[in-house]
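These notes concern the structure reproduced below.
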Amino acid sequence: MNCNTAATPVQFALGLANTQERDLNLSFHGADRSVTGSCHLVECAGKRILIDCGLHQGSRELDEENAEPFGFDAAGIDYVLLTHAHLDHCGRLPLLAKRGFRGEIITTSGSRELARLVMLDAAHLHEEDARYRARSGGHDDASHATNEPLYSTLDALNCLDYFGRTAIYSQVIEVAAGVRATFIDAGHILGSASIFLELEEQSHSTNVLFSGDLGNAGRLLLRSPTQPPHAENVVMETTYGDRLHKQLGPSIDEFYQAINETFKRGGNVIIPTFALERAQELLYFLSEGVTQGRLTKSTQVYLDSPMAISATEIFRRHPECFEPATAKLFQEGHDPFTLPGLHFTRETAESVAINNIHGGAIIMAGSGMCTGGRVRHHLQHNLGRADSSILFVGYAAIGTLARRIVNGEKQVNIFGENIPVRARIYTINGFSAHADQAELLAWQKQTSAKRTFLVHGEEDPMKQFAAHLADTRVEMPEPNQVFEL
Ligand SMILES: [Zn+2]
């Protein structure tokens, strides 16, 4: 109720009456017509429930957006339900706590462990970034940015105190009176879930299903997404709403072939990799390759990423999330993340020593898009060698070093040095952790949703996806848009 004059007692009472009559709202505060920063708010029965609180990522402008107000009062949030531990879904939780959130965060045990790792790593990077800004002469006058980190390690640790109940797949949680949540296996990364919310406000009841990020079915490590329930309203991701993925089998063949060809030439294989999921999936493929005799037993593999090493240890503690055949391997005492020539290199000195290996090694290191991290050192040593190979196994955004190499640039600059690209470049596209267009459409159809809100996608793929939807009212929310449920 907007009113220019001061509210009279009557108007105030009317306003209150209206609020009590119906206050079941859904609003959008991130990943609206974009792929990062997932954050959705449900208001029901006097409670305010956030679904995810992710970080905006991908450009400097988006980095700066993270420091902006949330679009709601952090102290007024009662619950956060977390779909999974990727940074673009959990990365603003420490900031939420820093700004006054004192409620309960509910998620699966796998997501809780991974989120701790991801948030602490992010805090460390924010602190380094702030130190760098301070050293390089402060902030530009155009922005209100300060040299303070978005949040510190202490903020991330503080945020861990708010993780409360653990969600178990397919079991209903009574979040609060009038609010029930069921976490459903989304098959995207370890612990990932779609969340089905059943809501009651006065005499009105409805439900809404949040897809989270949906996995690609038929992968070997994690289970495929569980079939979703019927829902009145659906909020769904559309990352690959416009395309179909390559098959997994041929991609694994390509992977082994690239490694064997490189070893024949006498070079090293460098794999820029994301620390969560992709690194563990590759370890699993390498281990299987050796077991099946498709790679030699003496294959030397270096996982040169402290975060990926920690994530692998978390994976080992959660065989309940694995595809039955993989879970059985664990039960029989086989660790699918190991092979005879595997080395975990946590220490910087161990990482530097890898530079002395002149051939026959597979080196996996972050970051996946080569925007930072140890992989840049390995590229510096191997990009110029015709006998070595660089294997790209994930998404490479425009403007990143990975994208420039994939696009065939003849020379790139790393640490101020111009390095000719002589190594063989392979791009393997079949390892995606996201559902493709056909899978997203099938999932949406199974929900029989009357209303479908599309989020977590660039505008073009989202519109193309929307054109395929039938028998549902499609919404593409703008940032901070509010809908009545
Ligand atoms: Zn994700």
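The values are calculated or read from the model by the stated rules, or taken from the named source; none is laboratory data. Because the structure is a prediction, the values reported are computed rather than measured. Positions of Cβ are generated from backbone atoms using ideal geometry, with glycine treated the same way; all protein chains shown enter the neighbour counts. Keep in mind that these areas ignore ligands, DNA and RNA; they rest on the heavy atoms of the full protein, side chains included. Shrake-Rupley method; radii C 1.70, N 1.55, O 1.52, S 1.80 Å.
The residues on offer are S351, S310, and the sole one that is in contact with a Ser or Thr (Cβ under 7 Å, 6 or more places away or on another chain) and in a helix (DSSP H, G or I) is S351.
The number of residues in region 429-453 that are away from the ligand (no atom under 16 Å from the Cβ) and either crowded, with 19+ Cβ neighbours inside 10 Å or at pLDDT 95 or above (or both) comes to 14.
Starting from residues that are open to solvent by less than 20 Å² (accessible area, probe 1.4 Å) and either modelled with pLDDT under 90 or not hydrophobic (A, V, I, L, M, F, W, C) (or both), keep the ones in region 332-356 and report whichever is nearest to L190 (Cα to Cα). Restricting to residues being open to solvent by less than 20 Å² (accessible area, probe 1.4 Å) and either modelled with pLDDT under 90 or not hydrophobic (A, V, I, L, M, F, W, C) (or both), the top hit is P336. Would you confirm whether any residue within region 182-189 is more than 22 Å from the chain's Cα centre (by Cα), touching a residue at least 24 places away in the same chain (Cβ under 8 Å) and crowded, with 19+ Cβ neighbours inside 10 Å? No, there is no match, as no residue in region 182-189 is more than 22 Å from the chain's Cα centre (by Cα), touching a residue at least 24 places away in the same chain (Cβ under 8 Å) and crowded, with 19+ Cβ neighbours inside 10 Å. Filtering region 78-107 to residues that are open to solvent by 10 Å² or more (accessible area, probe 1.4 Å), in contact with a helix residue (DSSP H, G or I) (Cβ under 6 Å, 6 or more places away or on another chain) and not aliphatic (A, V, I, L, M) leaves K98, R99, G100.
Against the definition (more than 16 Å from the ligand (Cβ to nearest atom), surrounded by 16 or more Cβ atoms within 10 Å (Cβ to Cβ) and within 26 Å of T312 (Cα to Cα)), how does A258 come out, yes or no? The answer is yes for A258.
Applying a threshold of 6 Å to beta carbon distances and a minimum spacing of six or more residues, or different chains, the list of pairs starting in region 240-254 at a residue that is in contact (Cβ under 8 Å) with a residue 40 or more places away in the chain and ending at one that is among the β-branched types (V, I, T) reads S251/I428; E254/I428.
Out of the residues in region 414-428 that are at pLDDT below 95 and in contact with a strand residue (DSSP E or B) (Cβ under 9 Å, 6 or more places away or on another chain), state the one that is surrounded by the fewest Cβ atoms within 10 Å (Cβ to Cβ). Only one residue fits best here, namely T427. The single condition among (1) in a loop (DSSP other than H, G, I, E, B); (2) surrounded by 22 or more Cβ atoms within 10 Å (Cβ to Cβ) that I271 does not meet is (1). Just one of the listed residues (L295, L329) is in a loop (DSSP other than H, G, I, E, B) and of a type in the set (A, V, I, L, M), namely L295. Between G218, G241, the distinction of being at pLDDT below 95, open to solvent by less than 40 Å² (accessible area, probe 1.4 Å) and among the small types (G, A, S) belongs to G241 only. Contact map, region 462-480: residues that are over 16 Å from Y240 (Cα atoms) paired with residues that are of a type in the set (D, E), Cβ distance under 8 Å, separation 6+ or inter-chain. Pairs shown: P477/D32; E478/D32; P479/D32. Of the residues screened, A438 is not one that is of a type in the set (A, V, I, L, M, F, W, C) and more than 21 Å from R219 (Cβ to Cβ). Among the residues examined, L214 qualifies as of a type in the set (A, V, I, L, M, F, W, C), in contact with a strand residue (DSSP E or B) (Cβ under 8 Å, 6 or more places away or on another chain) and more than 25 Å from V301 (Cβ to Cβ). Applying the criterion of being in contact (Cβ under 8 Å) with a residue 24 or more places away in the chain and open to solvent by less than 40 Å² (accessible area, probe 1.4 Å) to the residues of region 316-331, the residue that is farthest from the chain's Cα centre (by Cα) is T326.
Put simply, of G408, G359, G368, G384 the only residue that is surrounded by fewer than 19 Cβ atoms within 10 Å (Cβ to Cβ), in a loop (DSSP other than H, G, I, E, B) and touching a Pro at 6+ places or on another chain (Cβ under 8 Å) is G384. Can you confirm whether T226 is away from the ligand (no atom under 13 Å from the Cβ), surrounded by fewer than 24 Cβ atoms within 10 Å (Cβ to Cβ), of a type in the set (S, T, Y) and part of a loop (DSSP other than H, G, I, E, B)? Here the answer is yes, as T226 does meet what is asked.
In region 274-292, of all residues being open to solvent by 10 Å² or more (accessible area, probe 1.4 Å) and not in a helix (DSSP H, G or I), the one that is farthest from Q331 (Cα to Cα) corresponds to F274. Considering only residues in region 457-473 that are open to solvent by 10 Å² or more (accessible area, probe 1.4 Å) and within 16 Å of the ligand (Cβ to nearest atom), the one that is modelled with the lowest pLDDT turns out to be E458. For the criterion of being in a loop (DSSP other than H, G, I, E, B), open to solvent by 50 Å² or more (accessible area, probe 1.4 Å) and at pLDDT below 95, A397 fails. Within region 371-381, the set of residues being open to solvent by 20 Å² or more (accessible area, probe 1.4 Å) and either in contact with a strand residue (DSSP E or B) (Cβ under 7 Å, 6 or more places away or on another chain) or aromatic (F, W, Y) (or both) comprises G373, R374, R376, Q380. Counting only residues that are without any contact (Cβ under 8 Å) to a residue 60 or more places away in the chain and of a type in the set (G, A, S), region 81-97 holds 1 of them.
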